[in-house]
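Below is one structure; the comments refer to it alone.
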Amino acid sequence: MRSLPSLRGPRAPPLPLLLLCLLAPVRRSSEDGRTPAASFTSLPVREEMMAKYSNLSLESHNISLTEHSDMPVEKNITLERPSNIELTCQFMTSGDLNSVNVTWKKGDELLENNYLINATGSILYTQYMFTIVNSEQMGSYSCFFEEKKEQRGTFNFKVPELHEKKKPLITYVGDSVVLMCKCQDCFPLNWTWYRSNGSVQVPVGVPMNNKYVINGKNANETRLKIMQLSEEDQGSYWCHAIFQLGESEERIELVVLSYWVPLKAFLGIAVEVVLLVAIILLFEMYTQKKKKHSDDGKEFEQIEQLKSDDSNGIENNAPRHRKNESVGQ
C-alpha cells in the first residue's frame, strides 16, 4: 500500500493546497493485483474546479469503524448551501493493514481514487475531499474497508427539514385559520404552498376573493391564512421550501367541522343522561312500591293476629262465666 501524508493531527496546509494533493490518484502497485476504482466524472475534483470553489466554507465529518463492527455506521449531515466537503473514515484492526482494501462510493457507484490513505499503528485512515454545488451531488457517500468482512461507513447529505405539528389542525366552518411551517436555523430561498387534489399538488395563494394570504414574520418561516372556511377547504396542505442544494416539504392536515358536529355530541350525551336519570327514578319507584306492599302485608298480618287473639280471649272467658253461675246456684 502506498503511504500518503498522515491524516491525523491539525490540517496545516491551506485548503487549496490540500485539494491539489487530491489530484494525485492513490493507486496500488501492479504487484498488489488490485485494479483502481472506476472514474466518477460528475464530481468537481480538477484543479480549475478547486480554484473556482476555494471561497466556499469547509465541512469536516468523521466516522470510526473497527473489525468487530456488526452494523454499518451512518451519519446524517444537513447542508443548506454549496460547501467544500472533507470526509474521514478510520478503521482499527488487529490484522495486516496492507491486506485491507479501501474504496469509496456515492450511492452504488465507485468514486475515482482521489482520496488519501494513511496507516498509523493499527489504525487505517482514508480521507475524501470534494465540493457540493448542486442537488445532484447530494446523497450518500460511503467508505469501505474490506478485510475478512466488509465494514462500511456512510455520510448522508440532505437539505434541512421543515418542522410542523404532526397532529391535524381542527377548526370550524366560517372561521379563519393560519397554517405555519418553519425551518430551524436555516433560510430557504423561496417558499410555496400546495394543496393535495387526489394525487396532484395544486398551488395555492393565487388571489381568489381574498381567501388566501401568504406571509411570514421571518425568512425561515411561512404562513398561509385561509379565510371563510368551508367543508371543501378540508384536506392536506404542503409547504415547500427551496434551497440552493435541493427542496424540502412538510404536510399539514386541515380538518373543517360543521357546528352540528359538537352539537350532535352534546345531544348524544344529554340523551344518555336523561335515560340514566329515568332508569334511576323508575328503580326508586319500584323499590318504594315493593316496600309499601311489604309493610301493608305485615300490617294485615298484625290485624289478623289481634283478631285471632281477641277471639281466643272471648272463648276462654265463656266457660269461666258458666262455671261461676253453677257455683252460685
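For the range 139-153, a residue qualifies if it is under 17 Å from Glu59 (Cβ atoms), of a type outside the set (Ser, Thr, Tyr) and surrounded by fewer than 18 Cβ atoms within 10 Å (Cβ to Cβ), and exactly one does: Gly139.
Taking the criterion of being in a loop (DSSP other than H, G, I, E, B) and either free of Cβ contacts under 8 Å to residues at least 40 places away in the same chain or open to solvent by 40 Å² or more (accessible area, probe 1.4 Å) (or both), the residues of the range 154-173 that qualify are Glu161, Glu164, Lys165, Lys166, Lys167, Pro168, Val173. All of (1) open to solvent by 50 Å² or more (accessible area, probe 1.4 Å); (2) touching a strand residue (DSSP E or B) at 6+ places or on another chain (Cβ under 8 Å); (3) not charged (D, E, K, R) hold for Gln244 with one exception: (2).
Given the residues Val206, Val202, which is the only one that is open to solvent by 80 Å² or more (accessible area, probe 1.4 Å) and at pLDDT below 90?
Details: Val202 fails: open to solvent by 80 Å² or more (accessible area, probe 1.4 Å).
The unique qualifying residue is Val206.
The values are calculated or read from the model by the stated rules, or taken from the named source; none is laboratory data. All of these numbers come straight from a predicted model, not from anything done at the bench. Backbone-built Cβ (ideal geometry, glycine too); neighbour counts: all protein chains shown. Ligands, DNA and RNA are excluded from the accessible area calculation, which covers all protein heavy atoms including side chains. Shrake-Rupley method; radii C 1.70, N 1.55, O 1.52, S 1.80 Å.
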